[in-house]
Amino acid sequence: MNLSSIDTKELLKRKSRIQGILAGFQLLCVIMIVCVLMIKEKKVVYIAPVLPLSLVFLPLFQQLKAIKKELQSRAATSAK
């Protein structure tokens, strides 16, 4: 993904969108974990949906990290 060709306003919108998606997924994950803990039967099968959901975070965090790095490099360049 070439972030240097995207303008700063679009990068800020993408950053905001990804942060919102991550917050929603994290809230959903917490709700799922609480539901699993409230189930009387303690089976590993109930935890199974939580694990694949956590793998969704990895690409989103990588994109967010790349966007933040690009924004920092632009800020450093414009400050000079």
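The values are calculated or read from the model by the stated rules, or taken from the named source; none is laboratory data. Every value quoted in this text rests on a predicted model; they were computed, and no experiment measured them. Using ideal geometry, Cβ is built from the backbone for each residue, glycine included, and neighbour counts are taken over all protein chains shown. These accessible areas exclude ligands, DNA and RNA; they are computed on the full protein's heavy atoms, side chains included. Shrake-Rupley method; radii C 1.70, N 1.55, O 1.52, S 1.80 Å.
Residues that are open to solvent by 90 Å² or more (accessible area, probe 1.4 Å) and at pLDDT 95 or above within segment 14-34 comprise just one, ARG17.
The C-beta contact set for segment 69-80 (first residue in contact (Cβ under 8 Å) with a residue 12 or more places away in the chain, second residue loosely packed, with under 10 Cβ neighbours inside 10 Å, distance under 8 angstrom, 6+ apart or interchain) comprises GLU70/SER4.
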